[in-house]
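Have a look at the structure below before the remarks.
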Amino acid sequence: MANVIEGLYYSESHEYVKVDGEFGYVGITDFAQEQLGNVVYVDMPEEGDEVEAGSEFGAVESVKAASDLISPVSGEVVEINTALEDEPELVNKDAFANWIIKVKLSDASELDNLMSAADYRAFSSK
Amino acid sequence: MKQTCLYDRHVKLGAKMVPFGGFEMPIQYTDITDEHQAVRQACGVFDVSHMGEVLVEGAEAEKFVQHIFTNDVSGAPVGKIFYGMMLHPHGGTIDDLLVYKMGDEKFFLVINAANIDKDYAWISRQAEQFDVQTENQSDSYGQLAVQGPEAEKVVEEVLALSCRELEFYTFKLIEAEGETLIVSRTGYTGEDGFEIYGSHAYIQAAWDRLIESKQAKPCGLGCRDTLRFEVGLPLYGDELSDEISPIMAGLGMFVKLDKEEFVGKEAVARQKAEGVQQKLIGIELEGRAIPRHGYEVVADDKVIGSVTTGYCSISTGKSVCMALVDTAYAKLDTPVQVRIHRKLQPGKVVKKRFYQKHYKK
């Protein structure tokens, strides 16, 4: 059973946001990494890029397929997780510790559109 | 959607099933990388029962095969296998296939699952001008591919089929369990290995024995693709198609232009003499972004072609692909780029073989 962590915000496309003050760390959920299998490449935006809630900002790739990453929030990318450039498999080891981008949230009210841990647990076990 | 005779077994093993060539096939049981490594290092077994089989018999069987097939089977000994293509008159590829010579007037054709109907319609139509009978036997055969450096030992010991003396690209008929099996030293992985054709009942029993022995890992189509790709083997639909000729794909060695005639000969002879506009190349990228089928290949700020198959190679860890590009850019070491997720990733033209084959010859 995939791990779901309390206190994070979850999207229907299986990304999470961990909020820290005015910033949000965005990554894919444990459920998503399980579905994908071995991650061999993570395509990330660059620092300074703007991401928009509901829009694609990169991709996670397994041997066989690429899956788009959809940002759950809007804002400026202030940091990318460069560790994933050389070790994309970290996403499989711990998807919640290995976030993909850090976003300076431009509209915190967008978080209201996302699911709680309890809701996501129900959603992803359907 | 069709199912092979091993469908229930795949589901029971927990395989992820996907549509392929009109069949529901296992893409992986556990993990593509593990299955890939099992074949490179030990032994894997694939259900390839989706492949099509056509029997050609009759006084003009050899003449007929020579007519529809690009390779030259004339005067071959019984037991020999040839790889080649069936071509359209314009030189595009109808299918790539194996031809087993079973007798002076008997040949067994192994064709791609996705092309069975198209191929058999073509074969039947061409056969009208010859003294031959053709039979589509695709639904009666199951087929296993046992592949890897330990394949010989596994086939001998677990299946009790004597295959040691078979040379690469030869086959023999073996009587077992009250039927006649076809066993060949062939495969699609770049490793030593065997392909076994038999009734559904035999193939089911053989599969069970292999899985229970734990000496052959069940392997899905996912790693079949990464394995064949690494050693530069083409997949119909990617590197060959109704539009892509074997000359464009760099497979001219399987097209015998010194044969008296075959369908498509004039077109491919012209391509060989005058050169082709597009050629299949290998590309190695500098970074880790993964080129995939259909992605644009760019050079000198213009699109020069597209990726046919690409992966982060499991054996070498490099991002590599095969691509069909303008011939002007096909020379080794030519700098090219692949557009991946909107970004242009730099790379260069390399040989299409990204990993060395380990055939036992």
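The values are calculated or read from the model by the stated rules, or taken from the named source; none is laboratory data. Small disclaimer: the values here were computed from a predicted structure and weren't measured. In this analysis, Cβ positions are derived from the backbone assuming ideal geometry, glycine residues included, and neighbour counts consider all displayed protein chains.
Once the stretch B:17-61 is narrowed to residues that are over 22 Å from the mean Cα position of the chain (by Cα) and of a type outside the set (A, V, I, L, M, F, W, C), the residue that is nearest to the other protein chains (Cβ to nearest Cβ) is B:30. Applying the set (1) under 20 Å from the mean Cα position of the chain (by Cα); (2) more than 25 Å from residue B:223 (Cα to Cα); (3) not hydroxyl-bearing (Ser, Thr, Tyr) to residue B:130 leaves exactly one unmet item: (1). Return a yes/no flag: does the stretch B:284-293 have any residue that is farther than 20 Å from residue A:65 by Cβ and either touching a residue at least 60 places away in the same chain (Cβ under 8 Å) or of a type in the set (Val, Ile, Thr) (or both). Yes, there is a match, as at least one residue in the stretch B:284-293 is farther than 20 Å from residue A:65 by Cβ and either touching a residue at least 60 places away in the same chain (Cβ under 8 Å) or of a type in the set (Val, Ile, Thr) (or both). Would the stretch B:168-181 turn up any residue that is touching a Leu at 6+ places or on another chain (Cβ under 9 Å) and within 15 Å of residue B:82 (Cα to Cα)? Among the residues of the stretch B:168-181, at least one is touching a Leu at 6+ places or on another chain (Cβ under 9 Å) and within 15 Å of residue B:82 (Cα to Cα), which makes the answer yes. Looking at the stretch A:58-110, which of its residues are in contact with a helix residue (DSSP H, G or I) (Cβ under 7 Å, 6 or more places away or on another chain), modelled with pLDDT under 95 and not small (Gly, Ala, Ser)? Scanning the stretch A:58-110 gives A:63, A:64. Scanning the stretch B:52-78 for residues that are touching a residue at least 60 places away in the same chain (Cβ under 8 Å), touching a Gly at 6+ places or on another chain (Cβ under 9 Å) and among the hydrophobic types (A, V, I, L, M, F, W, C) yields B:61, B:64, B:69.
Are there any strands (runs of 3 or more DSSP E) wholly within the stretch B:232-338 with 3 or more residues that are within 14 Å of chain A (Cβ to nearest Cβ), and if so which? The strands (runs of 3 or more DSSP E) meeting that bar are B:302-312, B:319-326. Taking the listed residues B:24, B:35, the one that is free of Cβ contacts under 8 Å to residues at least 24 places away in the same chain, within 30 Å of residue A:33 (Cα to Cα) and in contact with a strand residue (DSSP E or B) (Cβ under 8 Å, 6 or more places away or on another chain) is B:24, with no other qualifying. Within the stretch A:37-59, the set of residues being closer than 26 Å to residue B:308 by Cα, aliphatic (A, V, I, L, M) and touching a residue at least 40 places away in the same chain (Cβ under 8 Å) comprises A:39, A:40, A:42, A:44. How about the stretch B:277-298: which of its residues are surrounded by fewer than 19 Cβ atoms within 10 Å (Cβ to Cβ) and of a type in the set (Gly, Ala, Ser)? Result: B:287, B:294. Tell me yes or no: at least one residue of the stretch B:6-15 is within 14 Å of chain A (Cβ to nearest Cβ) and buried (at least 17 other Cβ atoms within 10 Å of the Cβ). Yes, that holds for at least one residue. Among all residues of the stretch A:74-91, there is none that is β-branched (Val, Ile, Thr), more than 14 Å from chain B (Cβ to nearest Cβ), part of a strand (DSSP E or B) and under 17 Å from residue A:5 (Cβ atoms).
Hey, does the stretch B:235-244 have a residue that's surrounded by 24 or more Cβ atoms within 10 Å (Cβ to Cβ) and not assigned by TED's automatic domain parsing to the domain that holds residue B:35? Yes, the conditions are met somewhere in the stretch B:235-244.
The residues on offer are B:124, B:162, and the sole one that is more than 22 Å from the chain's Cα centre (by Cα), free of Cβ contacts under 8 Å to residues at least 60 places away in the same chain and within 27 Å of residue B:20 (Cβ to Cβ) is B:124.
Being over 10 Å from the mean Cα position of the chain (by Cα) and in a strand (DSSP E or B) is a property that holds for residue A:61.
The residue of the stretch B:210-222 that is surrounded by the fewest Cβ atoms within 10 Å (Cβ to Cβ), among those that are farther than 18 Å from residue B:50 by Cα and of a type in the set (Gly, Ala, Ser), is B:213.
Residues in the stretch A:38-73 that are more than 10 Å from every other protein chain (Cβ to nearest Cβ) and small (Gly, Ala, Ser): A:48, A:53, A:54, A:55, A:67, A:71.
Taking strands (runs of 3 or more DSSP E) as the structural unit, those lying wholly within the stretch B:86-189 and holding at least 3 residues that are surrounded by 23 or more Cβ atoms within 10 Å (Cβ to Cβ) correspond to B:93-103, B:106-111, B:142-147. Screening B:56, B:45 for residues that are closer than 21 Å to residue B:193 by Cα, crowded, with 20+ Cβ neighbours inside 10 Å and of a type outside the set (Phe, Trp, Tyr) leaves exactly one candidate, B:45. In summary, residue B:50 fulfils each of the numbered conditions (1) in a loop (DSSP other than H, G, I, E, B); (2) touching a His at 6+ places or on another chain (Cβ under 9 Å) with the single exception of condition (2). The number of residues in the stretch B:195-209 that are surrounded by fewer than 22 Cβ atoms within 10 Å (Cβ to Cβ) and small (Gly, Ala, Ser) comes to 3.
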